[in-house]
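Here the structure is laid out as structure tokens; the discussion comes afterwards.
The values are calculated or read from the model by the stated rules, or taken from the named source; none is laboratory data. Quick caveat: nothing in here was measured; it's all calculated off a predicted structure. Methodologically, a virtual Cβ is constructed for each residue, glycine included, from the backbone with ideal geometry; neighbour enumeration extends over all protein chains shown.
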Amino acid sequence: MIVIVVNVGSTSLKFKLYEMDNETILAEGKIEGISKEKSEFKFASKDGITRQGIESFANYNAGLDKILKFIINDAKIVSNINEITAVGFKTVIAKGINDAVLLTDDVIQKMEEFIPIAPSHNPPYINAIKNIKQLLPGKPLVGLFEPAFHKTIPEYAYCYGLPYEWIEKYCIRKYGFHGASLRYVSERVTKILGKNNLKQIICHLGGSSSICAVKKGKSIDTSMGFSPQSGIPHSTRPGDLDPFVVLYLMKKENLTVDNVIKKLSEESGLLGISGVSGEMKDIVESAKNGNKRALLAIDTFVYNVKKYIGSYIVILEGLDVLAFTGGIGERSDLIREKICSGLEFLGIKIDNEKNKSVLKEIKEADISSRDSKVKILIVPTNEEIIVARATVDVVRKNL
């Protein structure tokens with residue numbers, strides 16, 4: 001079975017093409033700058049055939065058409081699109097859905113209903129799905145919604161202190177996100193250590209970040225809640241925030257709901273605090289040059305991660321593994337060191353030499369010291385294979 005997994009950004013389109021019998025990547029690539037005057041693309045096949053350049057792609061349909069031509073005409077992996085069984089998407093959220101499902105018109109409508117919850121994520125996905133439905137009529141399209149991994153969170157942990165009629169009517173609860181990444185890392189940790197029933201805390205740190213408590217392979221709590229704006233500070237999104245801050249500012253600044261959505265989605269988080277960038281590497285560089293706001297952004301980020309780690313050790317009743325993944329988690333030795341610093345009393349002791357050595361090559365690594373009671377691991381994530389597996393499961397159930 002051949003499955004193509006599509007990862008959609010606001011102006012980007014990434015893909016991986018899998019032969020699912022042995023989970024081999026047949027081709028992969030990305031297009032940056034969809035709908036812009038100039039778009040950069042780079043594709044590669046398993047057999048070493050590559051294509052790259054700059055073109056203009058009016059929409060996701062045009063981008064996928066370019067990808068399919070590479071797969072069929074250039075790399076000659078398949079002879080026509082009929083040999084591709086299904087398309088899988090790492091979809092974010094839809095009202096009342098936390099699973100892998102066929103992307104029917106009803107599901108798309110539920111994604112549209114939750115656009116205010118994920119204003120940076122849902123619109124490009126909806127657009128791409130509609131485009132691809134036109135390009136590949138009749139082909140099964142499957143969405144693995146990010147809250148799927150968090151279905152195991154107990155009700156008392158996902159329930160908010162709101163009037164219960166609101167909770168029921170509008171499906172308000174802690175959903176959690178980064179489900180595909182967190183599932184992959186938790187499964188890899190089990191295989192790396194050769195142990196089941198582990199108590200894990202996984203730190204998916206990047207432009208979008210979340211912390212997850214995993215017990216016996218199941219999510220029991222996570223830092224992101226009803227929307228991707230919650231949890232620890234993100235690149236441009238605020239993280240946890242007293243709701244009355246928003247209400248107060250709406251009155252003081254005479255802001256509309258759309259004004260607030262833009263501020264919370266695009267101008268907050270690390271960017272808002274630092275005034276420099278939403279990218280951690282830029283913020284770290286600026287802090288080295290004496291920028292106090294950049295240093296504050298780093299300290300705020302690290303403090304919030306440590307606070308979640310502490311609380312999750314309590315609900316896990318101990319800890320076996322602290323795992324780092326995501327762009328920051330995999331690449332920033334400084335942030336990993338700062339997070340682990342001061343946690344020695346909890347049995348978390350990082351080996352700074354091992355930690356720094358990972359910079360030479362991003363790979364799975366044990367960076368805990370010899371006398372650390374908790375294993376500290378770096379596990380590069382692979383969301384696409386989780387989406388591909390879920391896509392196969394859904395297609396087989398609906399045959």
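Does at least one position in segment 158-178 carry a residue that is crowded, with 24+ Cβ neighbours inside 10 Å, in contact with a strand residue (DSSP E or B) (Cβ under 8 Å, 6 or more places away or on another chain), outside the structural domain of ASN61 (by TED's automatic domain parsing) and part of a helix (DSSP H, G or I)? No, segment 158-178 has no match at all. On inspection, LEU359 passes the criterion of being among the aliphatic types (A, V, I, L, M) and more than 30 Å from ASP99 (Cα to Cα). Within segment 289-313, being basic (Lys, Arg), closer than 29 Å to LEU346 by Cβ and touching a helix residue (DSSP H, G or I) at 6+ places or on another chain (Cβ under 9 Å) holds for one residue alone: LYS306.
Only residues that are among the β-branched types (Val, Ile, Thr) and in a loop (DSSP other than H, G, I, E, B) were counted across segment 61-81, and they come to 2.
Taking the criterion of being over 24 Å from LEU295 (Cβ atoms) and surrounded by 14 or more Cβ atoms within 10 Å (Cβ to Cβ), the residues of segment 323-363 that qualify are ALA323, THR325, LEU346, GLY347, LYS349, ASP351, LYS354. Specify which of the listed residues (LEU296, LEU264, LEU270) is within 20 Å of SER10 (Cα to Cα) and out of contact with any Leu (no Cβ under 9 Å at 6 or more places or on another chain). Just a single option satisfies the conditions, and that option is LEU270. Restricting the search to helices (runs of 4 or more DSSP H) fully inside segment 287-399 and requiring at least 1 residues that are touching a residue at least 60 places away in the same chain (Cβ under 8 Å) gives 292-316, 326-331, 333-340, 383-397.
Inspect all residues belonging to segment 40-49 and state whether any of them is of a type in the set (Lys, Arg), in contact with a Leu (Cβ under 8 Å, 6 or more places away or on another chain) and surrounded by fewer than 19 Cβ atoms within 10 Å (Cβ to Cβ). Within segment 40-49, one or more residues are of a type in the set (Lys, Arg), in contact with a Leu (Cβ under 8 Å, 6 or more places away or on another chain) and surrounded by fewer than 19 Cβ atoms within 10 Å (Cβ to Cβ). Scanning segment 59-77 for residues that are over 19 Å from THR11 (Cα atoms) and surrounded by 16 or more Cβ atoms within 10 Å (Cβ to Cβ) returns PHE70, ILE71, ILE72, ALA75, ILE77. The residues in segment 216-246 that are within 30 Å of ALA287 (Cβ to Cβ) and either of a type in the set (Asp, Glu) or not in a helix (DSSP H, G or I) (or both) can be counted, and the count is 20. Within segment 247-275, the set of residues being in a loop (DSSP other than H, G, I, E, B) and among the hydrophobic types (A, V, I, L, M, F, W, C) comprises LEU255 only.
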